[in-house]
Amino acid sequence: MPSFTSKTLLAALAGAAAVNAHGHVKNVVVNGASFQGYDINVFPYTQNPPKVAGWTASNTDNGFVGPESFATSDIICHKNSANAQGRIVVAAGDSVFVQWDTWPESHHGPVIDYLASCGNTGCDKIEKTALEFFKIAEAGLVNGAQAPGRWASDVLIDNNNSWMIKIPANIRPGQYVLRHEIIALHSGGDLNGAQNYPQCFNIEVTGSGTVLPQGVKGTSLYTPTDAGIRFNIYRSLDSYPIPGPALPAGFAPVAQGSSAIVSSATAVTGAATNAPAPVATTTAVNVVPSPTTIVTSVVQTSAAPVQTSAVQTAVPVQTSTRPISTRPQPTRCPGLGRRHLRKVARA
């Protein structure tokens, strides 16, 4: 029988493993074709890694970018990020399905998606500090009646750690950096307690759209004291102010679903392609009534033989006037060379 000391050590190791399992995007699915992301567990240690659409980064511990780094280039596409050398060709109006390897249940918060045009430079060469991002989707609080609430991150977990992103149908053709981000707020009540997990991918949008919204430099997206960054989730909530620039008028709200993988594909490299936009079929899309509501019914986008399936139905925001919760505050846990809050693990 293990000694008390042995059991205590095993429990501590298991807890540490859970803390560090924050996650990263492992692959991206477009019209049933799966494209490999930047593998932080393999590529940094490989002499000639494959050219993928995911930007390189040094977050080999699945760590985060803290608010103290919001004014630095680390917030753009994660720590020490560098341009991806490949890209994924996507038709305007298509959906991009991103799959995380894992995401911890304790790390509640919003999911936000951006695009930034690479102009004539190409996303494999553009200086990341020159990128100007505009939102194409955002999702935050689903139900705040009982602390810490149900969030977009919880919807992502329920959807097999995956998230559907719809590329606006009217967007101008060209090369873009797609910036997909989860912001974990389990420590957000403290200054510099929020945790940002940005993931970037190069895409080439085809089509005949003409819209290109004005963007914001990555280093100006957030400040440490933004209402949606320094935010206490351990109380009953009526609403949540999603941080970052406003969602441009006319852009579609979040609608969640799943995408079957029928093949694997390799990112395109080199000069821009003139590939025609694939024909896509889109069926009923539910509209989000307000910025604090997530509609989780599927956007069914497919180019045969892809099949998509619904995951959840619309979930309205629940309002409440109950007092602040008296639940215990979370304990501390390590991460990226500094301490950050985490929920107390269940027995």
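The values are calculated or read from the model by the stated rules, or taken from the named source; none is laboratory data. Since the structure is predicted, the reported quantities are computational estimates derived from the model, not experimental observations. Every residue, glycine as well, gets a Cβ built from its backbone with ideal geometry; the counts of neighbours run over all protein chains shown. Just the protein is used for accessible areas: all its heavy atoms, side chains included, with ligands, DNA and RNA removed. Shrake-Rupley method; radii C 1.70, N 1.55, O 1.52, S 1.80 Å.
Annotations
- Residue match in region 42-58 (condition: within 30 Å of S263 (Cβ to Cβ), among the hydrophobic types (A, V, I, L, M, F, W, C), touching a Gly at 6+ places or on another chain (Cβ under 7 Å) and modelled with pLDDT of 95 or more): yes
- So V254, is it open to solvent by less than 50 Å² (accessible area, probe 1.4 Å), hydrophobic (A, V, I, L, M, F, W, C) and modelled with pLDDT under 95: yes
- Out of D113, D124, sole residue that is acidic (D, E), touching a residue at least 12 places away in the same chain (Cβ under 8 Å) and under 28 Å from S258 (Cα atoms): D113
- D190 passes every criterion in (1) part of a loop (DSSP other than H, G, I, E, B); (2) open to solvent by less than 20 Å² (accessible area, probe 1.4 Å) apart from (2).
- Checked against (1) in contact with a Ser or Thr (Cβ under 9 Å, 6 or more places away or on another chain); (2) within 17 Å of P110 (Cβ to Cβ), F231 passes all but a single condition, namely (1).
- Checklist (1) surrounded by fewer than 23 Cβ atoms within 10 Å (Cβ to Cβ); (2) at pLDDT 95 or above applied to L178, failing item: (1)
- Checklist (1) open to solvent by less than 40 Å² (accessible area, probe 1.4 Å); (2) at pLDDT 95 or above; (3) out of contact with any strand residue (DSSP E or B) (no Cβ under 8 Å at 6 or more places or on another chain) applied to N62, failing item: (2)
- Scanning region 68-92 for residues that are of a type in the set (S, T, Y) and under 16 Å from N202 (Cβ atoms) gives a single hit, S81.
- Enumeration of residues in region 193-221 that are in a loop (DSSP other than H, G, I, E, B), under 17 Å from A137 (Cβ atoms) and in contact with a helix residue (DSSP H, G or I) (Cβ under 9 Å, 6 or more places away or on another chain): L221
- Taken together, the criteria place D154 among residues that are open to solvent by 10 Å² or more (accessible area, probe 1.4 Å), assigned to a helix (DSSP H, G or I) and not hydrophobic (A, V, I, L, M, F, W, C).
- Once region 93-113 is narrowed to residues that are among the acidic types (D, E) and part of a loop (DSSP other than H, G, I, E, B), the residue that is nearest to G207 (Cα to Cα) is D94.
- Test: residue in region 174-182 that is within 15 Å of F64 (Cβ to Cβ), touching a residue at least 12 places away in the same chain (Cβ under 8 Å) and either among the small types (G, A, S) or in contact with a helix residue (DSSP H, G or I) (Cβ under 6 Å, 6 or more places away or on another chain) (or both): yes
- Among the residues of region 114-151, those that are among the β-branched types (V, I, T) and either in a loop (DSSP other than H, G, I, E, B) or open to solvent by 40 Å² or more (accessible area, probe 1.4 Å) (or both) comprise T121, I126, T129.
- Flag for F43 being of a type in the set (F, W, Y) and open to solvent by 20 Å² or more (accessible area, probe 1.4 Å): no
- Among the residues of region 165-175, those identified as in a strand (DSSP E or B) and open to solvent by 10 Å² or more (accessible area, probe 1.4 Å) are K166, G174, Q175.
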